Amino acid sequence: MDALIEKLKGQIIEQLNLAEVKPEEINPDSPLFGEGLGLDSIDALELIVLLEKHYGIKIQDPKDGKTIFQSLRTMAEYIKSQGKS
Amino acid sequence: MSQKVYITGLGMISAIGNNVPECFLSLSQSKTGIGKIQYLTTRYKDEFLAGEIKLSNAELADLVGDQNPALNRNSYIAMLAAKEAVLNSGIDTKDGLRTGVISSTTVAGMSKTELYYKDLFKNDEHLDVLDTHDCGDSTERIADYIGNVDYVTTISTACSSAANAIMLGCRMIKHGHLDRVVVGGVDALSKFTFNGFNTLMILDREWCRPFDENRKGLNLGEGAAFVVIEGENALNHRKGKALAELIGYANTNDAYHLTASSPEGFGATLAIQQALALSGLKPTDIDYINMHGTGTPNNDLSESKATVAVFGNQVPKFSSTKAFTGHTLAAAASIEAVISVLSLQNSMIFPNLNFNTPIAETGLIPETTLVHTPLNVILSNSFGFGGNCSSLLFKKA
Amino acid sequence: MNAITSYAHIKHNTVTVNGTVVFKSASSVSIHEFLLESYKFLAMNYPKFHKMDVQCKLAIIATEFALRETALLTENDLAKIAIVFSNHASSLDTDKAYQNSISDKSNYFPSPAIFVYTLPNITIGELAIRHKITGENAFFVCEKFDPALLINYCESLYLNGIDAVIAGWVEAETNNDEAFIFLSESQRNTNKNAIFKPLNQTTLTELYNLT
């Protein structure tokens, strides 16, 4: 799980152009949206693209993102649960 | 001080008809133009519905009477709607008065350019297509098609574009720069648009349901609509007839998010309030609102909240006509300006199709059947990506 | 008396503000690097900047430079500041990027973050969000920099109750990227660096051609 979380950090920074964020600054349990990284709804859509591009997971309803993208850990757990890590 | 500005001619082509009388018939019969994709070639052909104009490019070229191979769908429909508006108004552009054309578009010639995009890197065979790609091209074509035009410009502010074209035209008359202006917008469907809106996950796979609690998104449409607006001096000079008066307009920025409206509809509230202030009217003077009402969860909630912010517990009758035409992007505001004038002229409110359950948070209920009622003043809203919010006010002439 | 109170011109990796070159990158530097260097030079601390397309970055940076010479944002009601931009190619630079992401069937992952920039007025949206400006805004697509169009629009805005305007030309075009942003205000502002040039076509043409 930790390896997957580390990998996700790099992928998120690249996909979302978080140029001023270092991987070690992202806490796996902090909320991804609102506070913290300051992500918005376009970033949520980009995370959906990330899941499809790197993990072959397709999400049809953007509302599903709300639970999956709560934190880095929930995102990693979701990828694991899909058997795609 | 400044003279009044009137709408004196209407022109429109959309999924519900190739001209204004056809569109009016569909509206008054509650007949939507949205259905299975028949004309556009796209990977989403069987996945999404669309409000397509029911004519092929070859048929459009015949209607326009121009077989120039570089012309595209955007120009054809713009020329047809603009010409209809000019003929409907009865203006003569050769009479020595100053005529302007202010159009608007977002995707411009994309529907054609995308077909040749890959080839263009390989050879120069379709190079002429690039000449017609730019946003300004269809505006120039309209001006040539109408003839004797003194001023031409093109606006591109996403889905409120045509409202801003109407507003600018009105000001240019009021400030004495022009005597009359053909104003409106155009957007033909393209693969580019479909892919983009699908990327944003705001397309409904079924018919869109504006202001319904269970709405899932919008249906894309295509169309062009233009109105001729004239200063009262020019109108009196030629003893022409006014169809409606343009009595208020405003544009603001929501300054919140690139594609989403602020939860409380801040920019929309400002636009409606400022349009009212300019007209000198009170909220209670509004008889009907033609809403932006795209059917996306975000827009309809935000617009509902703005409506409540301005009108309190006296919200006028309202509907969104997007379930007839689909969301026609840059053309939406001019299509809805034509629909608003038709409402005023015929004392009819056209229904908000596909509505079942009010949005829990606001409880607003649109008109869901054709309503016959005297209408004196109509508010029409149009909001676009980039936070652009516009409101227009039309009064019975 | 409506005046031009500051302007910034970005061309060939060089920023000129009120007639003086204030920042420059080597001509060999790409537009992306130049914009990043400008961002660092301005010490902006606005992470959203890195997500923008070139056109938005050009507008944000040029406006930032121009704003530093005036008190426009603090001495005017944000609801009475208008933004009017123009260019020739709409959002072509990003349209191409998005088209490339959908035209390859074997690698089909279209990006929502790119698509949102395929409208020219998104440039205005970014600026409005950055500074919480909620006044009127318009984007014109025209043949070339058109002083008459911009001056007429500014005048009409002032007649309609606007107090200040951020206006200009901004175009992302390979090897020819350009932003010319001028600020105009209806009241003198208190920043001593502000210039006070008459808001008319002759002056605007002069300022644009100066660099």
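The values are calculated or read from the model by the stated rules, or taken from the named source; none is laboratory data. This structure is a prediction, so every number in the text was calculated from the model and none was measured. Here Cβ is always computed from backbone atoms with ideal geometry, including for glycine, and neighbour counts include all displayed protein chains.
A compact table of results
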| read-out | value |
| --- | --- |
| Cβ pairs under 7 Å, 6+ apart, first in the stretch A:8-28 and away from every other protein chain (no Cβ under 12 Å), second surrounded by fewer than 13 Cβ atoms within 10 Å (Cβ to Cβ) and modelled with pLDDT of 95 or more | A:P23/A:G10 |
| Test result for B:A242, away from every other protein chain (no Cβ under 11 Å), of a type in the set (A, V, I, L, M, F, W, C), under 23 Å from B:L329 (Cα atoms) and touching a strand residue (DSSP E or B) at 6+ places or on another chain (Cβ under 6 Å) | no |
| Residue list for the stretch B:117-148, filter: modelled with pLDDT under 90 and among the hydroxyl-bearing types (S, T, Y) | B:Y117, B:T132 |
| Members of the stretch C:71-104 that are of a type in the set (S, T, Y) and closer than 18 Å to C:L150 by Cβ | C:S86, C:S90 |
| All positions within the stretch A:30-83 that are over 20 Å from B:M201 (Cβ atoms), buried (at least 19 other Cβ atoms within 10 Å of the Cβ) and within 11 Å of chain C (Cβ to nearest Cβ) | A:L37 |
| Residues that are within 12 Å of chain C (Cβ to nearest Cβ) and either under 22 Å from B:N88 (Cβ atoms) or without any contact (Cβ under 8 Å) to a residue 40 or more places away in the chain (or both), drawn from the stretch B:185-194 | B:D187 |
| Helices (runs of 4 or more DSSP H) enclosed by the stretch C:62-147 - at least 3 residues per element that are at pLDDT below 95 | C:92-103 |
| From B:S30, B:S56, B:S75, B:S26, residue being modelled with pLDDT of 95 or more and surrounded by 22 or more Cβ atoms within 10 Å (Cβ to Cβ) | B:S75 |
| Selection count, the stretch C:173-211, where residues are closer than 18 Å to C:D146 by Cβ, among the charged types (D, E, K, R) and part of a loop (DSSP other than H, G, I, E, B) | 1 |
| Close pairs from the stretch A:55-67: first in contact (Cβ under 8 Å) with a residue 12 or more places away in the chain, partner surrounded by 11 or more Cβ atoms within 10 Å (Cβ to Cβ) and assigned to a loop (DSSP other than H, G, I, E, B), Cβ under 7 Å, at least 6 apart | A:Y55/A:K84; A:G56/A:K84; A:I57/A:Q82; A:I57/A:K84; A:P62/B:M201; A:G65/A:I59 |
| Residue in the stretch B:41-54 that is without any contact (Cβ under 8 Å) to a residue 40 or more places away in the chain and in a helix (DSSP H, G or I) present | no |
| Where a residue in the stretch B:139-165 is within 10 Å of chain C (Cβ to nearest Cβ) and among the hydrophobic types (A, V, I, L, M, F, W, C) and its partner, wherever it lies, is part of a helix (DSSP H, G or I) and surrounded by 24 or more Cβ atoms within 10 Å (Cβ to Cβ), with Cβ under 6 Å and at least six apart | B:V152/B:T139; B:I155/B:S161; B:I155/B:N164; B:I155/B:A165; B:A158/B:F385; B:A158/B:G386; B:C159/B:L329; B:C159/B:A332 |
| Sole exception among (1) surrounded by 22 or more Cβ atoms within 10 Å (Cβ to Cβ); (2) away from chain C (no Cβ under 14 Å); (3) not in a loop (DSSP other than H, G, I, E, B) for B:N88, by number | (1) |
| Test result for B:V182, within 10 Å of chain C (Cβ to nearest Cβ) and at pLDDT 95 or above | no |
| Test: residue in the stretch B:276-289 that is within 12 Å of another protein chain (Cβ to nearest Cβ) and either within 17 Å of B:K317 (Cα to Cα) or aliphatic (A, V, I, L, M) (or both) | yes |
| Check on B:S30, part of a helix (DSSP H, G or I) and among the polar types (S, T, N, Q) | no |
| Selection status of C:E75, among the acidic types (D, E), without any contact (Cβ under 8 Å) to a residue 60 or more places away in the chain, within 21 Å of C:A8 (Cβ to Cβ) and more than 13 Å from chain A (Cβ to nearest Cβ) | no |
| Residue among B:A165, B:A143 that is closer than 30 Å to B:S340 by Cβ, within 16 Å of the chain's Cα centre (by Cα) and hydrophobic (A, V, I, L, M, F, W, C) | B:A165 |
| When residues of the stretch B:348-379 are limited to those that are more than 17 Å from B:D212 (Cβ to Cβ) and more than 20 Å from the chain's Cα centre (by Cα), the one surrounded by the most Cβ atoms within 10 Å (Cβ to Cβ) | B:L375 |
| Residue pairs meeting the criteria (Cβ under 6 Å; at least 6 apart or on separate chains; first under 11 Å from B:L344 (Cα atoms), in the stretch B:366-388; second among the charged types (D, E, K, R) and in a strand (DSSP E or B)) | B:N376/B:K396; B:V377/B:K395 |
| From B:L130, B:L220, B:L203, residue being more than 21 Å from the chain's Cα centre (by Cα), within 14 Å of chain C (Cβ to nearest Cβ) and of a type in the set (A, V, I, L, M, F, W, C) | B:L130 |
| Answer from B:A108, B:A61, B:A82 - the residue that is closer than 24 Å to B:T154 by Cβ, touching a His at 6+ places or on another chain (Cβ under 9 Å), surrounded by 16 or more Cβ atoms within 10 Å (Cβ to Cβ) and not assigned by TED's automatic domain parsing to the domain that holds B:H327 | B:A108 |
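Condition check ((1) more than 9 Å from chain B (Cβ to nearest Cβ); (2) surrounded by 24 or more Cβ atoms within 10 Å (Cβ to Cβ); (3) under 19 Å from C:N2 (Cα atoms); (4) without any contact (Cβ under 8 Å) to a residue 60 or more places away in the chain) across all residues:
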residue: C:F85; (1), (2), (3), (4): yes, yes, yes, no
residue: C:H88; (1), (2), (3), (4): no, no, no, no
residue: C:S103; (1), (2), (3), (4): no, no, no, yes
residue: C:P120; (1), (2), (3), (4): no, yes, no, no
residue: C:E136; (1), (2), (3), (4): no, yes, yes, yes
residue: C:E143; (1), (2), (3), (4): no, no, no, yes
